[in-house]
Every structure is written in structure tokens, then in C-alpha cells.
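**Student:** Here it is, the structure in full.
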Amino acid sequence: MPRNPDIPEAFDVYTVVVLRRPDDAPELSDEQLDKLQARHLSYRAELARRGLIVANGPFDDQSDSSYRGMSIFACDAAEAARLSDGDPSVVAGRLAYDVMTWWVRADALAFPLAEEKVGERRSMPDA
């Protein structure tokens with residue numbers, strides 16, 4: 001059976017973490033939120049400086065306001081979860097996260113600021 005032409009021959013597979021606000025997030029004062037946000041941003045910036053996050057940022061105009069942002073990590077899902085557990089906003093219960101692998105057509109994305117190749121090249125098994 002010939003290969004389906006709609007399926008790319010190769011994919012680049014990335015680890016993605018989506019941050020979301022849980023329903024039971026604790027209420028904090030504006031001052032507490034500002035301090036927590038500063039620590040959250042500092043933590044994510046440090047992960048980027050270390051080459052562990054290659055792209056990240058907040059969502060805007062999303063259909064579900066609980067989704068807050070996304071990061072593409074340069075490590076496997078288990079390590080991305082471990083690192084996300086250390087995020088001050090996750091520790092404080094203001095954010096939760098979902099980790100997933102994301103398959104993208106090979107060479108569709110580039111991370112020019114990354115010092116090393118990001119993701120893993122894979123092919124879909126023939127059906």
C-alpha cells in the first residue's frame with residue numbers, strides 16, 4: 001500500500017508545557033501576585049538561559065481563559081515536568097501544567113537562539 005501523501009515523511013518532535021490556572025488557585029493580594037509573577041518570570045528566564053526552554057510566552061484572546069501560556073522545552077517530558085514542578089507559580093498553586101509531545105512537519109520550526117538542536121526527528125510508522 002502506498003504511503004499516504006498527506007502524512008509527512010518526517011516530523012520534529014518537541015516537548016511542550018501548557019500552563020493553566022486551576023479552578024482552586026489560591027486568592028492572593030495584588031502585591032503577592034506581583035511578587036509571584038516576578039519570581040515566575042525569573043524562573044522561566046533562567047531555564048531559557050540554561051537552554052532548557054527555547055520558546056515561551058503567555059496566551060492572549062484564548063477561548064478558555066484558564067490557559068495562561070506555553071513553553072517549548074529542549075528536554076524530554078519527564079524533565080520538563082520536573083522543571084515545571086519547580087516554577088514558583090506552580091509551587092504556590094496559582095498555575096498547573098500539562099506536558100505533551102508535539103509532532104510538527106520536519107523543518108517547519110526553527111529556534112535560532114538555541115545553542116543545540118531542539119527536538120527529535122521521527123517518522124510515522126507505515127500503516
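**Student:** For the range 59-127, what is the convex hull volume of the alpha-carbon atoms per residue, in Å³?
**Tutor:** 156
**Student:** Then there's this: Looking at the range 4-59, which trypsin sites (Lys or Arg not before Pro) are DSSP coil and have at most 13 other C-beta atoms within 10 Å of their C-beta?
**Tutor:** ARG50
**Student:** Taking θ as phi - 60°, what are the ³J(HN,Hα) couplings along the range 19-26 by the Karplus curve (6.51, -1.76, 1.60), each to the nearest whole Hz, with x for Gly and Pro?
**Tutor:** Rounded to whole hertz, the list is 8, 9, 8, x, 4, 9, 4, x.
**Student:** I'd like the FRET efficiency for ARG50 and ASN4, computed as 1/(1 + (r/R0)^6) with the beta carbon distance as r and R0 of 41 Å, rounded to 0.05.
**Tutor:** 0.55
**Student:** Further question: For the pair ALA108 and ARG39, what calculated FRET efficiency results from E = 1/(1 + (r/R0)^6), where r is the Cβ-Cβ distance and R0 = 41 Å, to the nearest 0.05?
**Tutor:** After rounding, the FRET efficiency stands at 0.75.
**Student:** Go from 0 up to the bin containing the longest alpha carbon distance in the chain, width 10 Å each, and give me the % of pairs per bin.
**Tutor:** Binned Cα distances yield the sequence 12, 38, 29, 15, 5, 1, 0.
Values quoted throughout were computed directly from the atomic coordinates according to the rules given, and no laboratory measurement underlies them. Just so it is clear, the model here is predicted, and its values are computed rather than measured. Virtual Cβ from ideal backbone geometry, glycine too; neighbours counted across all protein chains shown.
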